[in-house]
Each structure stands twice: as C-alpha cells, then as structure tokens.
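One structure is given below, encoded as structure tokens.
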Amino acid sequence: MTMIPILILAAGASSRMGGRDKLLEDVAGEPLLVRVAKTALATGHPVSIALATDRPQREVALAGLDLHRVPVPLAREGMSESLKAGFAALPGGGPVLTMLADLPDLQTDDLRAVLATAAKAPDMILRGAAQDGRPGHPVLLPGWLRPEIEALSGDEGARALIQRHGDLVRLVPLPANRALTDLDTPEDWEAWRATQADIKTRAS
C-alpha cells in the first residue's frame, strides 16, 4: 500500500467550549488530541499535525510522539489556513488523508479502511461515513486538488471542495456513527461521556 500521509487538523480555537480546550479534554486517561494522534500513528503511515502557534499546551501534550508538527500562525483566519499549511508541508503532490482532532470515536481500522480504498480509487475524494450513509470523516483528498486547496480562504475547508466536486466523492462506510462524532461544546462532551458510561455498564 502506498504510504499516504495523514494530516490531523488541530489548530481550531475551541471557541464554543466556554474557555476550555476541547482537544485537551480527558478521554480514557489521556487528552483527546493525544488519543487521536496515537490512532493515526498506529496505521504506520506518516502523520503530520497542524497546530496553532498560540496554544502551546497542545504541543506539550504531544511530547514524545513521532509527529511532524506544522505551525499554523494564521489559524484564527479559519480552517483553510490549516489545510494550506499542512499540504504545503507535505511535498510530492500526492493524496493526503485529513482528519479533525475532535473525533473521539474514530479508530485505526477506520483510517485503514479509507486508506485501502484509495488504492482502488486513486483519483476520488474519499469520505468516511456512518453505517446509515451519512457522510463524515476522515476525508482523503487526492493530489489533483492541491491547487484548489492553495486557493482556499477563511473558514473554507474540505467541505467546500467536496461540494464543488460532488460527482467525484465516494463514501467509505465505517461502523456505527464513528465517522460523525465530533465534540464542540461542553454539552456535547457531557452527552458523549454519558453514552460511554452506559456502554461500559452494559458491557460489564
């Protein structure tokens, strides 16, 4: 399998968390950001992570992990800056698997499923989806999209590219709703933790 690089987008401001940093929230004894990074690293593919320069605590949390850190000095201008910085730091012009850093349910096998699909559909935009077909993450962006990524601005992210090239998008079904679970607010975290506690209780 081609060693497609993975780019974790972790430069967001957590603006809906009431002062807390969602990427440093505890998940099974470690910060969410660390959990996501380890999930990506376990694929064996090279992993880069786009980080805002004004959030040093995230860098501290990632200490010791074999990641290529990509600084995003203009992170406050929107998701486009993270994508542009990340792709600029990955030479070669090939595809990149992008994933958000606030997806606690994604597992290494989910990433591998999307990466494996790329071998069969190298020119397609691949998007992880829930079992019921709702599109989510991660998103594999083929190399031919790089010029359009460089032209993004503001809070345009992969969604803008997907909308523009909808006929070239292929969904990759992943178990349950793992492709969809992102946690943006304290209420999201409370509900998710309650669900995890319930699953643990039923399994015991």
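The values are calculated or read from the model by the stated rules, or taken from the named source; none is laboratory data. In this text, all values refer to a predicted model and were calculated from it rather than measured experimentally. Counting neighbours? That spans all protein chains shown, and the Cβs are built from the backbone with ideal geometry, glycine included.
Conditions (1) closer than 23 Å to Glu156 by Cα; (2) over 17 Å from the mean Cα position of the chain (by Cα), marked per residue:
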{"residue": "Arg58", "(1), (2)": "no, no"}
{"residue": "Gly64", "(1), (2)": "no, yes"}
{"residue": "His68", "(1), (2)": "no, no"}
{"residue": "Gly86", "(1), (2)": "yes, no"}
{"residue": "Gly92", "(1), (2)": "no, yes"}
{"residue": "Val96", "(1), (2)": "yes, no"}
{"residue": "Leu100", "(1), (2)": "yes, no"}
Discussion item. If I filter region 167-186 for residues that are modelled with pLDDT of 90 or more, at negative phi and assigned to a helix (DSSP H, G or I), do I get at least one hit?
Written reply: yes
Item to complete: Please state which one of Gly166, Gly78, Gly143 is more than 16 Å from the chain's Cα centre (by Cα), under 18 Å from Ile8 (Cα atoms) and surrounded by fewer than 21 Cβ atoms within 10 Å (Cβ to Cβ).
Response: Gly143
Item to complete: Taking the options Arg112, Arg193, Arg159, Arg127, name whichever one is part of a helix (DSSP H, G or I) and either under 18 Å from Met79 (Cα atoms) or in contact with a His (Cβ under 6 Å, 6 or more places away or on another chain) (or both).
Response: Arg159
Worksheet item: Which one is surrounded by the most Cβ atoms within 10 Å (Cβ to Cβ), of the residues in region 187-199 that are modelled with pLDDT under 80 and closer than 25 Å to Met99 by Cβ?
Response: Trp192
Practice prompt. Those residues that are touching a residue at least 12 places away in the same chain (Cβ under 8 Å) and either more than 17 Å from the chain's Cα centre (by Cα) or farther than 12 Å from Pro138 by Cα (or both), I need them from region 169-191; list them, please.
Written response: Val169, Arg170, Pro175, Ala176, Asn177, Leu183, Asp184, Thr185, Pro186, Trp189
Worksheet entry | Which numbered condition Val172 fails, given (1) under 19 Å from Leu9 (Cα atoms); (2) surrounded by 20 or more Cβ atoms within 10 Å (Cβ to Cβ) | (1)
Practice prompt. Working carefully through the options Arg35, Arg69, Arg20, find the one that is surrounded by fewer than 16 Cβ atoms within 10 Å (Cβ to Cβ), in contact (Cβ under 8 Å) with a residue 60 or more places away in the chain and more than 25 Å from Ile162 (Cα to Cα).
Written response: Arg20
Worksheet item: Given the structure, is Asp102 among the acidic types (Asp, Glu), in contact (Cβ under 8 Å) with a residue 60 or more places away in the chain, in contact with a strand residue (DSSP E or B) (Cβ under 9 Å, 6 or more places away or on another chain) and part of a loop (DSSP other than H, G, I, E, B)?
Response: yes
Worksheet item: Out of all the residues in region 86-94, is one or more of a type in the set (Phe, Trp, Tyr), in contact with a helix residue (DSSP H, G or I) (Cβ under 7 Å, 6 or more places away or on another chain) and not in a strand (DSSP E or B)?
Response: yes
